[in-house]
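The values are calculated or read from the model by the stated rules, or taken from the named source; none is laboratory data. Just so it is clear, the model here is predicted, and its values are computed rather than measured. So basically every Cβ, Gly included, is an ideal-geometry build from the backbone, and we count neighbours across all protein chains shown.
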Amino acid sequence: MFAALMLMAAGTIDVFNGLWAIGADETRFDTVIYDDNIDAWGWFYILIGVVQMAAGWAVLQRATWARVAGIAFGFAGATLNIFWVFLIPVASLVLITLNVLVIYALVVYGGEDQPF
């Protein structure tokens, strides 16, 4: 249950980060750091966030494929948040930690014989 809730929380935060990025065009961050391409990053974060929320819901429903999807998208979320670390360092480190904890929880405690 922990992994499912944290995966959905990380996905929700990624969606909000993506929405912020779409609205942050024509800013200093967009022109200097992301070379006028922060809109594309925003849509990518929204996509990853929605998929993370769906995978979290599936983990909560104990779908058999959801554990592998949760691990994969937890890894993708942690990797993508490395790119935000210079823009929003605290939120990025929190999201990286959440995604790593999701991966740990699903790998160690997400087996078929482990009840919630």
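Just a few scattered comments:
- Residue match in the range 60-68 (condition: in contact (Cβ under 8 Å) with a residue 12 or more places away in the chain and closer than 26 Å to residue 20 by Cα): no
- Within the range 11-26, being assigned to a helix (DSSP H, G or I) and either modelled with pLDDT under 90 or within 22 Å of residue 37 (Cβ to Cβ) (or both) holds for 13, 14, 15, 16, 17, 18, 19, 20, 21, 22, 23.
- Tabulated pairs, the range 81-104, first under 11 Å from residue 10 (Cα atoms), second surrounded by 15 or more Cβ atoms within 10 Å (Cβ to Cβ) and of a type in the set (Phe, Trp, Tyr), C-beta under 7 angstrom, 6+ apart or interchain: 92/84
- Any hit, the range 77-100, residues being closer than 13 Å to residue 2 by Cβ and small (Gly, Ala, Ser): no
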